[in-house]
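No lab work stands behind these numbers, since they all come straight from the coordinates. If you're wondering where the values come from, they're calculated on a predicted model, not measured in any experiment. Reconstructed Cβ throughout: ideal geometry from the backbone, glycine too, with neighbour counts over all protein chains shown.
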Amino acid sequence: MPRTTSSLSTGFRKPVRKPAQLNRIKIEDLIAEWQKLCDFEKDAHVAISSDEGDGKSTLLTQIVKICKGKLSENIVYTPNVKEFYYKYEQMEETKPLGFDEALDLINRLDWHKAEVKDLVKHIRGKVRKEKRAIFVYNVQLFRDLHSYWRNHRIRWWLELTPREWYGKEVNYVYTMQRSRVPFITGKRDAWLLDENEKSWLGYMSSGKIMPEHYLNMLRSHPFYVGEFKFRNDTDLVAKYKQERLKAFDEWKIPEEQKVSKKILKLQETIDKQNKLMYERGITQPDIAAALGKAPNTISASVNRV
């Protein structure tokens, strides 16, 4: 007999679901559960993932609208970390703050950047203690989220299906919810479980994965709680595009910051050369005189290596 779900917070679900057992949920109920956490001095971290064009930004704008937020204030559009800090300070509690493709800030591939590490420290410290809010991260691949977010912060994962399966005006969202896992080794992913990945690879090994296989495997995920559909709101999307253009104009990264990585690499090479000369017996004043620099800059250069 199909099991019905009266609450989204009842723990793990049965791992196998037939079409007659689908759990239809509402985005309004999800948001209400996220906001309820704020009453307990907590925040909610949600990942939305799909291919480009499947509706991540559309869904994010609707979440902002349901929460009575503003597209200009509750979405971070650019990879400029200053935009996040500004909008975070202006954000009201229980409201969302969405990262719309601004994932240079939290992408595991950009973990070497100092501003990314500083952002993590900020969220782990001040953000967690000061504000109770809903953080929404738009990503193409769920694994692109750095493990700090994926394993330790994200509690809801919304996976969108390919839009071409249903048309331009509607799409479906498959929702997973995970409880806290206190025992996570460094070699395991608390979300992307080994056996589930093997199932996906098994279907893909024979060629193109079929929609029914795709959907049934999402429904069989241990953290699956249900699915809902959302429609494209053309007026809301138009406003989103306007705000996105404004944000990229206001928060664009200056040209000198775009080449800062090359400058840092060149500075590192110069520092190593200065230290090598110093270790070969050339005094710092002599190095400074040869390069036309002040002696104290040579000392700082050598100490940086």
Over all viewing directions the Cα convex hull of region 144-187 casts an average projected area in nm² of 4.2 nm²
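Quick one: putting +1 on the C-beta of Lys and Arg, -1 on the C-beta of Asp and Glu, what dipole do you get for region 195-237 around its Cα centre, in Debye to the nearest 20? Please list the in-between numbers first.
Numbers: 5 positive and 6 negative charges, 28 e Å.
Taking the Cα centre of region 195-237 as origin, the dipole is about 140 debye.
Sorted by average packing, counted as other Cβ atoms within 10 angstrom per residue and highest first, what order do 211-217, 51-57 take? Don't skip to the answer; put the middle values down first.
Numbers: 211-217: 14.6, 51-57: 17.9.
Highest mean packing first, the order is 51-57, 211-217.
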